[in-house]
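The values are calculated or read from the model by the stated rules, or taken from the named source; none is laboratory data. As the structure is a prediction and not an experimental result, all values here were calculated from the model. Every residue, glycine as well, gets a Cβ built from its backbone with ideal geometry; the counts of neighbours run over all protein chains shown. Side chains are part of the model used for accessible areas, which takes the heavy atoms of the whole protein and leaves out ligands, DNA and RNA. Shrake-Rupley method; radii C 1.70, N 1.55, O 1.52, S 1.80 Å.
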Amino acid sequence: MSGMQPIDRADPRPPNVQIAASIRAAILTGELRPGTQLQSGQELAKFFGVARQTVQTAINTLRAEGFVRGQAGSGVFVRDQVSLPATAEDEEPLAGVAAYLFEVGSLKNLPRAGWLRLGIRLPESVAEHSFRVGVTGLVLAALEGADAGRTSALCLLHDSPETRTGDVTAIGRAYVTTEPAEDVSVHQAAGMPAAAAKVIQDLVAEYEAGETPESRVARDADKLESLLQAVEYQAQGYDTTPWQETSLTALRTDAGRQLARAIMAADPHSWWSTFAASYQELRAGAKSRARKQRPPDGNRAV
């Protein structure tokens, strides 16, 4: 019944608590989508093997938590914008925002799983990947004539649903089905004020659809960042040829393909080698400027 789990008679929790937990889990995982009407109290009572009053107690809990709403004469529906319950009467109004930010921060601890298969013991994290995707998207948007700010925002959030799904590799996707990213973002932003939640959800949905100029640029930025990382790991002795080929064939913009050619032709260490070649001169110049800016001994503060 819509992904809900039956009551476990060995579970010490009261039946109404188990029922609320079962329906709540179905909502959080997207089995029960926003706007979905729940089965009638009689049908739920039959499914769970309890009295209707027990079901009603569970529904009242979910209503108080903000997961469902009652509609006179029609039944009970999953709320379009779930509002997670306050933990106390003096709950901060932006507590849901804080919770979301803590959640996306966990991406700093989530490794990009594909590199693990290559034998890289400490690969980049999803957060590190997303940062450079954002910078790449900013530059690529300027070259393609897209909105740079929106493109960067799309890049920044493109992997944010992975806090819930993990980073599933191409091999895993052949066997594992996860909830659509846009649905996951609805769950992630559930506790946020509606205006803030809409921004997050709209950006993730736009990226997934890939229909706007900004989303196409953002998708190319994602592939280009993977290409940059592949070239860097190649320089460390790993064979990243399959990753490079996959990234190159996925590009959709002219600027993206042009930038890819430049990346493939570049030395990943060249950005600092020029400075290294003139290190002594640079240090001497810095010391000279510091001496010129230093006040005379007699004017120093005591």
Here the residues within region 203-221 that are farther than 14 Å from Val139 by Cα and either surrounded by fewer than 15 Cβ atoms within 10 Å (Cβ to Cβ) or in contact with a His (Cβ under 7 Å, 6 or more places away or on another chain) (or both) are Tyr207, Ala209, Gly210, Glu211
Test each condition in (1) in contact with a Ser or Thr (Cβ under 6 Å, 6 or more places away or on another chain); (2) open to solvent by 50 Å² or more (accessible area, probe 1.4 Å); (3) hydrophobic (A, V, I, L, M, F, W, C) for Ala265 and report the one that comes out false. (1)
Answer with yes or no whether Ala196 is among the small types (Gly, Ala, Ser) and open to solvent by less than 20 Å² (accessible area, probe 1.4 Å). no
The one condition Thr177 fails out of (1) over 11 Å from the mean Cα position of the chain (by Cα); (2) surrounded by 16 or more Cβ atoms within 10 Å (Cβ to Cβ); (3) of a type in the set (Val, Ile, Thr) is (2)
Do you know which residues across region 217-238 are farther than 15 Å from Asp159 by Cβ and free of Cβ contacts under 8 Å to residues at least 60 places away in the same chain? Leu227, Ala230, Val231, Glu232, Gln234, Ala235, Gln236, Gly237
How many residues does region 1-16 contain that are open to solvent by 60 Å² or more (accessible area, probe 1.4 Å) and closer than 28 Å to Ala72 by Cβ? 1
